[in-house]
Amino acid sequence: MTTANDKVILITGASSGIGAATARELAGTGAKLLLGARRTDRLEALAAEIAAAGGIAEFRALDVTSRADMQAFVDHAIARFGRVDVLVNNAGIMPLSPLAALETANWDAMINVNIRGVLNGIAAALPGFTAQGSGHFVNVASLGAHYVVPTGAVYCATKFAVWAITDGIRQEHQDVRATIISPGVVESELGHDITDPGSAAAMAEFRSIAITPDAIARAIRFAVEQPDDVDVSEIIVRPVKGSF
């Protein structure tokens, strides 16, 4: 295995959960990080924590649903560090509800963040990857990319899309690595925006058995640290106990 030392790694949704844990994990390797999210106060605190431990991390406000914002995020990394080696498309939302609840605003939000956010990241980083002849997309999907559960039809559809998009990168670009990380139940803020009462109660029960975000961060590090000629296509990480 190689190391992530000196790689320039961008992480979306880095203000909490899997994104923040991944930042801490990769900072310890010597990677140069650019952290993006909407909550810049959290990013600032995380970047300061990493710097105090000897790591390199900068941050920038980021709305992944804006193509221009995502392009500016990538351009900032290039201006600051000279290149981008890895983009971790981690930002995502999960306001579950039954289809019959007709929470169409939440459907649109999931499509915009979970699918368009990933596509915006690809659009921003892929030209640079192909120009330099290397690069790595790490797209965070879910076990929901593999099967559908009640109240999760739209959410799972967005994660199926992430799975398909990531495999499309793999097939179309032999000089760009593409990895799907599919977490099971993880302790995080994901789902805090559920407004349907039944879905909220089910999520609380669902999370009675969960792993911590650092488990996913270690999986991401494993994929990133493989030799340049090795592509880890997908990693599924879930609790030993429980079905998910």
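The values are calculated or read from the model by the stated rules, or taken from the named source; none is laboratory data. No experiment lies behind these values; they were computed from the predicted model shown. Ideal geometry is used to build each Cβ from the backbone, glycine not excepted, and the neighbour counts take in all protein chains shown. For the accessible areas, the whole protein counts, side chains as well, though only heavy atoms, and no ligand, DNA or RNA atoms are used. Shrake-Rupley method; radii C 1.70, N 1.55, O 1.52, S 1.80 Å.
Taking all protein chains into account, the per residue accessible area for the chain stands at 44 Å² (1.4 Å probe).
For the chain, the longest principal axis of the Cα atoms and the long axis of helix 40-52 meet at an angle of about 50 degrees.
How many angstrom lie between the C-alpha centres of segment 106-137 and segment 10-42? Centre-to-centre distance over Cα atoms comes out at 17 Å. By a 1.4 Å probe calculation restricted to protein chains, residue 25 has an accessible surface near 50 Å², given to the nearest 10. Counting protein heavy atoms only, segment 40-93 has 49 percent of its accessible area on carbon and sulfur, 1.4 angstrom probe.
In the chain, the calculated helix contribution to ellipticity at 222 nm averages -13500 deg cm²/dmol per residue, counting -39,500 (n - 2.57) for every DSSP H run with n ≥ 4. Residues considered: 108, 63, 229. Largest GNM mean-square fluctuation over the chain, using C-alpha springs under 10 Å, is found at 229. Counting only Cα atoms, the size of segment 108-166 along its three principal axes is 44, 21, 12 Å, in decreasing order. Taking all protein chains as they are arranged and a probe of 1.4 Å, the heavy atoms of residue 18 leave approximately 30 Å² accessible to solvent. P(r) for segment 59-147, from all Cα pairs and a bin width of 10 Å, is 16, 43, 26, 11, 3 %, short bins first. Ordered by solvent-accessible area of protein heavy atoms (1.4 Å probe), largest first, the residues 160, 73 come out as 160, 73. Amide H contacts of residue 182 (H built 1.01 Å from N, in plane; Pro and chain starts excluded): 141, 235, 236, 237 sit under 5 Å, all sequence-distant by 5 or more or on other chains. Among 133, 36, 117, the largest mean-square fluctuation in a Gaussian network model of the chain (Cα springs under 10 Å) belongs to 133. What the phi angles of segment 60-71 give under the Karplus curve with 6.51, -1.76 and 1.60, with θ = phi - 60°, is a coupling list of 8, 4, 8, 10, 5, 6, 9, 4, 5, 5, 5, 5 Hz, glycine and proline written as x. For the set 129, 81, 222, the ranking by accessible area, highest first and with no ligand, DNA or RNA atoms included, is 222, 81, 129 under a 1.4 Å probe.
Label reach from residue 167 (point 7 Å along Cα→C-beta): in segment 131-148, amide nitrogens under 20 Å belong to 137-148.
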